[in-house]
Amino acid sequence: MNVNLKSLAPVLQAAPLTDATDADISGCYVSDLLSDVLARAQPGVLWATVQTHRNVVSVACTKDIAAVLFVCGRQPQPDVIREADEAGLVLWTTPLTTFAAAGKLWEAGLR
């Protein structure tokens, strides 16, 4: 099941951080461990994390992750956002906790 990311924005109380703001999401993955994401995340998913450093962009691009959602109101530094823009990676932020965001994603049918 694919879900349009922009359609989830109101539910997630999310705001875009990059110029690219939309993606079709095939699932979601919630983890703050980069090695876990590298080992287990599937291409095309929305990755929810509190991590905001540049390695998030590298991991997301390596795994062909469709978009990254920063939870708990976290936002990466401008240079990280710029790097994501250059790579065509979609970044969003939400004030929701990881648990609340994961619940909303589950309710939206993403697994």
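The values are calculated or read from the model by the stated rules, or taken from the named source; none is laboratory data. Note that the structure is a prediction, hence the values are computed from the model and not measured. Positions of Cβ are generated from backbone atoms using ideal geometry, with glycine treated the same way; all protein chains shown enter the neighbour counts. SASA here: full protein model, heavy atoms, side chains in, ligands and nucleic acids out. Shrake-Rupley method; radii C 1.70, N 1.55, O 1.52, S 1.80 Å.
Which part of the range 74-111 falls in the paramagnetic zone of SER26, meaning amide N under 15 Å from the point 7 Å along Cα-to-beta-carbon?
Only 110-111 pass the distance filter.
Can you send over the carbon and sulfur percentage of the accessible area for the chain, probe radius 1.4 Å, protein chains only?
Values: 2840 of 5440 Å².
Using a 1.4 Å probe with all protein chains present, the chain comes out at 52 percent carbon and sulfur.
What is the magnitude of the charge dipole of the chain about its Cα centre, with +1 placed on the Cβ of each Lys and Arg, -1 on the Cβ of each Asp and Glu, and no other charges, expressed in debye to the nearest 20?
Details: 8 positive and 11 negative charges, 60 e Å.
That gives a dipole near 280 debye.
Fully extended, how many nm does the chain gain between TRP106 and CYS72 (0.36 nm per residue separation, minus their Cα-Cα distance)?
Working it through step by step, the gained length comes to 10.5 nm.
Please check which bits of the range 87-111 a label hung off VAL11 would reach, taking the label as a point 7 Å along Cα-to-C-beta and the cut-off as backbone N under 12 Å.
It comes to 101-111, nothing else.
Kirkwood Rh, Cα Rg: Rg to Rh for the range 1-106? Kindly include the intermediate steps, with their values, before the conclusion.
On the way: Rg = 11.9 Å, Rh = 13.1 Å.
Taking Rg over the Kirkwood Rh, I get 0.91.
What are the residues whose amide H is under 5 Å from the amide H of VAL90, where those residues sit 5 or more places off or on another chain and H is modelled from the backbone?
VAL68
For the range 27-32, take each phi angle, set θ = phi - 60°, evaluate the Karplus expression 6.51 cos²θ - 1.76 cosθ + 1.60, and give the result in whole Hz per residue in order, putting x for glycine and proline.
Ordered by residue, 3J(HN,Hα) equals x, 9, 9, 10, 6, 10 Hz.
Across the range 15-24, in residue order, what do the Karplus-derived ³J(HN,Hα) couplings come to in whole Hz, using 6.51 cos²θ - 1.76 cosθ + 1.60 with θ = phi - 60° and x for Gly and Pro?
So the J values, rounded to whole Hz, are 10, x, 10, 10, 5, 6, 10, 9, 7, 8.
Take every Cα pair under 8 Å in the range 23-107 that's 6+ residues apart, average their separations, divide by the length, and report that relative contact order as a whole percent. Write out the running numbers ahead of the final one.
Numbers: 151 pairs, mean separation 23.9, N = 85.
It rounds to 28 percent for the range 23-107.
Cα extents of the range 52-111 along the three principal axes, largest first, in whole Å?
In descending order, the Cα extents are 32, 22, 14 Å.
Going by amide H atoms built from the backbone, whose H comes under 5 Å of the H on ALA48, apart from near neighbours?
TYR29, VAL30, SER31, LEU69
Lys/Arg Cβ at +1, Asp/Glu Cβ at -1, dipole of the chain taken about the Cα centre: which of ALA87, THR52, CYS72 is farthest positive-ward?
Result: CYS72.
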